Structure formats: C-alpha cells, structure tokens
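What follows is a single structure, written as structure tokens, with notes after it.
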Amino acid sequence: MKVLIVEDNPSVSETIADYLELEGIVIDCAYHGESAIHLVAENHYDVIIMDIMMPKLDGISTVKKLRQELFCSTPILFLTAKDHLEDKILAFQAGGDDYLLKPFAMQELSLRLHALENRGPRKDIGELKYADIVMDIRTNQVIRGEVVVKLSRTQLKILKLLLKHAPGYVSRQEITEALWGDESPNSDALRSHVYGLRTALNKGFSESRLETLHGQGYRIK
C-alpha cells in the first residue's frame with residue numbers, strides 16, 4: 001500500500017509515517033494542500049490521509065480540488081481535531097470517505113487505512129447525478145436511465161449547472177452569466193436552449209425532469 005499523509009505538523013506526520021512504515025506501507029508526506037495536489041497529480045496512492053487545518057490550502061478545499069479538478073478517485077481519510085458535526089458534514093460533502101478524530105490509536109488508523117484500500121478507488125468521481133440522470137463531466141456523456149442523451153455544448157453547460165444544484169433551482173440570471181458573462185443575448189436565447197435541453201432529456205420518457213419555476217428559474221427534479 002502507498003499512502004500520502006497531508007499534515008502540517010511534522011512531528012505528527014513523522015509519527016504516523018514511522019508506525020505505518022513498520023507495517024510495510026510506503027509513505028509520502030505533504031505539509032499543505034498545494035503540495036498535496038502536486039503529489040497526487042504526479043503519483044498513485046492507495047489512500048490519502050488529510051488534515052483539515054493547514055496553511056496555503058485547507059484540507060476541505062484540497063479534497064474538493066482533488067475530486068473536482070483532478071478527478072482523483074483515491075479513498076481519503078480525514079484525520080483532524082475538528083470534532084463538530086458541521087466539520088464532518090463538510091468533509092464528507094467535499095469528497096472524504098472516512099473521518100478519524102485526534103487523538104487516535106495508531107492501530108485504529110491502520111485498520112481504517114486497510115479497509116479503505118480494500119474498498120478500492122471510488123467509482124463516482126467525475127460524475128454528476130440526480131434521479132435517473134448521470135453526466136460524466138470528463139467526457140460530457142449524459143445518460144438518462146439507460147438512454148444516451150445527445151446535447152449541444154450550451155445545453156451541456158446548462159445541465160451541468162442544474163445538476164450541481166439539484167434539486168434546488170438556478171435562476172435565469174445565474175445561468176445567463178455562466179453561459180455568456182456580461183454579453184448576454186436576448187431572453188429568447190436562453191428559453192430556446194432550455195427548451196432544447198428539456199426535449200432531449202424527455203425523449204422516450206413520460207416524466208419531465210427539467211422544471212421551470214416561474215419568477216425563479218429552472219431545476220432538475
């Protein structure tokens with residue numbers, strides 16, 4: 001097993017590394033989030049141990065970048081003294097797979113690492129899902145149920161935005177700014193793209209997934 005330890009306290013990092021190396025685990029260390037991102041981009045790891053409070057880039061932001069920008073599917077264990085429920089929620093929402101509080105027993109850390117390694121890489125990284133719609137943001141392939149949905153580039157951008165917020169709504173202004181910035185066309189342009197997206201998503205299905213909320217915006221339901 002090869003493990004990356006991301007921890008800004010050298011003594012904690014070294015203590016963990018010494019223990020795990022005795023078990024035959026290969027260790028790399030990073031002392032802030034930016035370094036972790038660089039190492040993950042250049043190396044393969046079976047599990048990543050991630051602290052939260054770090055300089056330059058905190059652990060939550062680091063994991064978000066690893067999942068959303070590098071499409072890193074490596075299991076991630078958060079190892080931190082932050083014990084509030086809100087911290088745990090943010091950690092798992094960012095893409096964490098396990099959460100262990102400091103202080104901790106080395107044996108328990110080892111057991112959790114082996115459990116994550118046995119589980120293997122995550123299969124859902126790089127996908128946006130809601131209900132029966134799945135979008136692979138690496139290839140831009142969209143599937144509803146078992147049907148491949150063909151969309152234009154603009155329709156893909158709208159769907160990606162809606163899936164990220166589903167089941168919440170996205171306002172017309174937010175969509176317009178995401179598509180065209182300050183150079184937005186007339187309102188009929190967005191309406192036309194949404195109509196095309198709705199038609200493509202609904203083809204062959206009796207239930208519509210794209211809903212217009214009058215005066216508010218659109219959502220995937």
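The values are calculated or read from the model by the stated rules, or taken from the named source; none is laboratory data. Just so you know, these numbers come straight off a predicted model, no measurement behind them. Methodologically, a virtual Cβ is constructed for each residue, glycine included, from the backbone with ideal geometry; neighbour enumeration extends over all protein chains shown. For the accessible areas, the whole protein counts, side chains as well, though only heavy atoms, and no ligand, DNA or RNA atoms are used. Shrake-Rupley method; radii C 1.70, N 1.55, O 1.52, S 1.80 Å.
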Check your understanding: Shape of the range 131-221 from its Cα gyration tensor (a ≥ b ≥ c, root eigenvalues): rounded if a/c is under 1.5, otherwise prolate when a/b > b/c, or oblate?
Key -> prolate
Review point. Rounded to the nearest 20 Debye, what is the dipole magnitude of the range 57-118 about its Cα centre when Lys and Arg each give +1 and Asp and Glu each give -1 at the C-beta?
Key: 100 debye
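Taking all pairs of different Cα atoms in the range 47-144, averaging 1/r and flipping that mean, what Kirkwood radius in angstroms comes out?
About 14.5 Å for the range 47-144.
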Exercise for review: Based on the mean of other Cβ atoms within 10 Å per residue, sort peptides 64-71, 144-151, 50-57 so the most packed one is first.
Suggested key: 50-57, 64-71, 144-151
Practice item. State to the nearest 20 debye the size of the charge dipole of the range 3-118 about its Cα centre, where the only charges are +1 on K and R beta carbons and -1 on D and E beta carbons. Key: 380 debye
**Study point:** In degrees, nearest ten, helix 10-22 long axis to first principal axis of the chain (Cα)
**Key:** 80 degrees
Point to revise | the chain: translational diffusion in µm²/s, Stokes-Einstein, Kirkwood Rh over Cα pairs, 10 °C, 1.306 mPa s | key: 81 µm²/s
Practice item. Could you do me a favour and compute the accessible area per residue for the range 22-147, 1.4 Å probe, result in Å²? Key: 52 Å²
Check your understanding: To the nearest Å, what is the center-to-center distance of the range 153-221 and the range 62-81, using C-alpha atoms only?
Key -> 29 Å
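Listed here are the pairs Lys88/Lys160; Lys102/Lys164; Lys2/Lys123; Lys65/Lys221; Lys56/Lys164; Lys56/Lys150; which of them are more than 30 Å apart at the Cα?
From the list (Lys88/Lys160; Lys102/Lys164; Lys2/Lys123; Lys65/Lys221; Lys56/Lys164; Lys56/Lys150), the Cα-Cα distance tops 30 Å for Lys102/Lys164; Lys56/Lys150.
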Review point. According to a simple spin-label model (label point 7 Å from Cα along Cα-to-Cβ), what is the distance in nm between His165 and Ser184?
Key: 1.2 nm
Check your understanding: What are the residues whose amide H is under 5 Å from the amide H of Val47, where those residues sit 5 or more places off or on another chain and H is modelled from the backbone?
Key -> Lys2, Leu4
Check your understanding: With all protein chains present, how much of the accessible area of the chain (probe radius 1.4 Å) comes from carbon and sulfur, to the nearest whole percent?
Key -> 49 percent
Revision key, fill the gap. Rg from C-alpha atoms of the range 28-76, normalised by the globular rule of thumb 2.2 N^0.38 Å, equals 0.98
